[in-house]
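Only one structure is covered here, and it is reproduced in the block below.
Bear in mind these aren't lab numbers, they're just calculated from the coordinates by the rules spelled out. All of these numbers come straight from a predicted model, not from anything done at the bench. Cβ: placed from backbone, ideal geometry, glycine included. Neighbour counts: every protein chain shown.
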Amino acid sequence: MRFVAGFCSSTLCITASGCSDPAARELPPVSWEGEHLRLATDVETPLCGGTAPYMDHLLGALSEQLGAAPPGWPIYYLLEGDVDEYDTPCRSGAYGCADGTAAYSPVAPLDHEIVHVARSAIGFSYPLIEEGAAEYWGDDADIRGPLQGDLLELAAQGNAFEFPFYPKAGHFVAYLVDVYGEESFLELSRRTNYQSSLAAFDDALVAVYGEDLEALAEDYEANYPKCSQRQYRAAFGECTFTPARSLCESDEPLVVRRRFSCGDEDVVGPRFGRQWTTIPIEALSGFTFVFKATPAEGAGMMVRRCGGGCPVPWVGPVESSEVVRLPLFGEGHYVIEIEWPEGQDLDVDLEIYSSCE
């Protein structure tokens, strides 16, 4: 049997032959090969130069974090139509899905599905935390809504809870990781699977955290700050895709002054009409920046702290020609994300000032 997790109304596919229509379109052949991931696509719009390397890096970094890699050489299928038009294991109506061998989606990157591919190496976990992990370590593509749903009710639905409630599951995972640490969450992940009963999941929570779901949910709802998926997510891929730049290598400001084009190896997309680049930085104190972009229309910048959780130091989007003084964040790892419309080049003039005393 093949177990499939992803963006759909019901996230598990358990038929031996998959869930696809016999008359479905054939999947495209592999057109790019990385160290950890291969890409196959029939989409005519060219991907930006960093998109496939970013996805390859993400799968490798997640596998290293988990201490295990999925067997074989997984494929990311970037498809020209809806995933259920093709010969895939995705359920009807799914936006994307993944198993241990492949991810399927009409957009790239969709980190959520790559997280599922990576976690297949340790076995898919109980749905609430499996989908929550894919939200917490995944991307912030503009297909998500606000936090909603009752945690106990969502947990009781097993693999039947629907995509609108995924952000809530991810927020609960942010709480577990933020309060108890990644190692404990990894242990919890290994103790359950996608078909575990609610009672088995509850037993796993007690074994790992010393509290059952009801007690954890009570503390989570009463004490953990609320913030959106775009804010609580770990920004794992962005924070590790390129080496971080120190703000204190010299007394001079950190300057990024160049033209960014879709073909550049550090530009990702296009996705939903947007493309972007990321600049990880290491800060020892608060920092101020001046951001200018040409053309300015549609361009913006966000700054977020790496590692996830709520509350999170975060600002954005910042429009071109703004000067921003951020509060004193203290020592930390941050990522600057600059985004602009598809089909354009962008001239960026960014100066970041920080006190390194």
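So here's what we get for this one:
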item: Sites His333 and Asp266 - FRET efficiency at Förster radius 22 Å, r taken between beta-carbons, to 0.05; result: 0.80
item: Cα long-axis angle, helix 51-66 against the chain (0 to 90 degrees, to the nearest 10); result: 60
item: Sequence-distant residues sharing a close amide H with Phe289 (under 5 Å, placed H); result: Val324, Leu326, Tyr353
item: Whole-angstrom Cα spans of the chain along principal axes, big to small; result: 59, 49, 32
item: The stretch 153-302: mean projected area of Cα convex hull, nm²; result: 12.6
item: Sorted by Cβ density within 10 Å, fewest first, the residues Tyr136, Tyr224; result: Tyr224, Tyr136
item: Overall form of the stretch 235-354 per C-alpha gyration tensor (a/c, 1.5; a/b vs b/c); result: prolate
item: Ranked list, fewest to most other Cβ atoms within 10 Å of each Cβ, for Ser63, Ser355, Ser250; result: Ser250, Ser355, Ser63
item: Whole-Hz couplings from phi, Karplus 6.51/-1.76/1.60, listed for the stretch 150-161; x for Gly and Pro; result: 8, 4, 5, 5, 5, 4, 6, 7, x, 8, 9, 6
item: P(r) of the stretch 65-199 over all Cα-Cα pairs, binned every 5 Å from zero, in whole percent; result: 2, 10, 19, 24, 22, 14, 6, 2, 0
item: Amide hydrogen neighbours beyond the local backbone of Ile336, cut-off 5 Å, H modeled; result: Ile279, Ile281
item: Table column - 3J(HN,Hα) (Hz), the stretch 211-218, Karplus curve with 6.51, -1.76, 1.60, x for Gly and Pro; result: 9, 7, 4, 4, 5, 5, 5, 5
item: 3J(HN,Hα) from dihedral phi, the stretch 232-241, Karplus parametrisation 6.51/-1.76/1.60, rounded to Hz, x for glycine, proline; result: 7, 4, 7, 6, 4, x, 4, 6, 10, 5
item: Alpha-carbon centroid distance for the pair the stretch 257-312 / the stretch 27-81, whole angstrom; result: 22
item: Taking the chain and dividing mean pair separation by its residue count, relative contact order in percent (alpha carbons under 8 Å, at least six apart); result: 16
